[in-house]
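Down below is the structure, laid out as structure tokens.
Values quoted throughout were computed directly from the atomic coordinates according to the rules given, and no laboratory measurement underlies them. Given the structure is predicted, the values throughout are model-derived calculations rather than measurements. Cβ placement follows ideal geometry from the backbone for every residue including glycine, while neighbour counts extend to all protein chains displayed.
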Amino acid sequence: MKIFLIVLVLLLLSTLCFAQAYTVERVIDGDILKLTNGETVRLIGIDCPEIDTEEGKKATELVKRILTLYKDWNIVLEFDVEKRDKYGRQLAYVFIDTEIKEGEEFGFKHHSDYHFDYYDGKWMCFLNATIIKVGYASPMTISPNVRHADLFQRLYKEARENKRGLWR
């Protein structure tokens, strides 16, 4: 019984460590970040145009602009089922620990240009969703990492219908 309780406590503690805070060293392209700890992160569920295209340069600049606004804030990585891709990159949903208060404007035309989710007890900018919402990425659903696939599809449809970003 004691061993069972110890294993149970260890499992609970490991789930509490599911998300960790990091800082971004640089933006490689619209859906790939290099962290200061040396890890490369591929944003789950989105696909930006490649950096060697005009559209890819715009997507990359958008992500740089968002992260520049938050240069003093940590990012939080949320993992799904598969944690790495075939290239060894971490696969993650990225939340920017902004502690932005309701109604503040900061960077884009309006607060509503960002996508916020209540995560880890506070409102955070959900980077993957924001990139799709402003029209600089398409959804890319690869099973089993599908936790936010419905949200990404909805935001993509809204971006195209409203001719945002690359869909102008």
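Ordering 143, 69, 119 by Cα displacement along the dipole of segment 19-167 toward the positive end leaves 143 in first place; charges were set at the Cβ atoms of Lys, Arg (+1) and Asp, Glu (-1).
Give 34/83; 58/83; 58/86 a once-over and call out the pairs whose C-alpha atoms are over 24 Å from each other. The partial results should precede the final answer.
Values: 34/83 16 Å; 58/83 27 Å; 58/86 26 Å.
Table pairs above 24 Å Cα-Cα are 58/83; 58/86.
Near residue 35, within a Cβ-to-Cβ distance under 10 Å, what is the net charge of the other residues, with Lys and Arg +1 and Asp and Glu -1?
Details: positive: 26, 34; negative: 25, 39.
Charge balance near residue 35 sits at 0.
Compute the FRET efficiency between residue 123 and residue 147 as 1/(1 + (r/R0)^6), taking r as their Cβ-Cβ distance and R0 = 25 Å, and round to the nearest 0.05.
0.85
Please give the charge dipole size of segment 19-82, origin at the Cα centre, charges +1 on K and R Cβ atoms and -1 on D and E Cβ atoms. Round to the nearest 20 debye. It would help to have the intermediate numbers written out before the result.
On the way: 8 positive and 14 negative charges, 77 e Å.
It comes to approximately 360 debye.
What the Cβ-Cβ distance of residue 21 and residue 167 gives, at R0 = 25 Å and to the nearest 0.05, is a FRET efficiency of 0.15.
Distance distribution P(r), segment 19-167, all Cα-Cα pairs, bin width 5 angstrom from 0: 2, 10, 20, 25, 23, 15, 5, 1, 0 percent.
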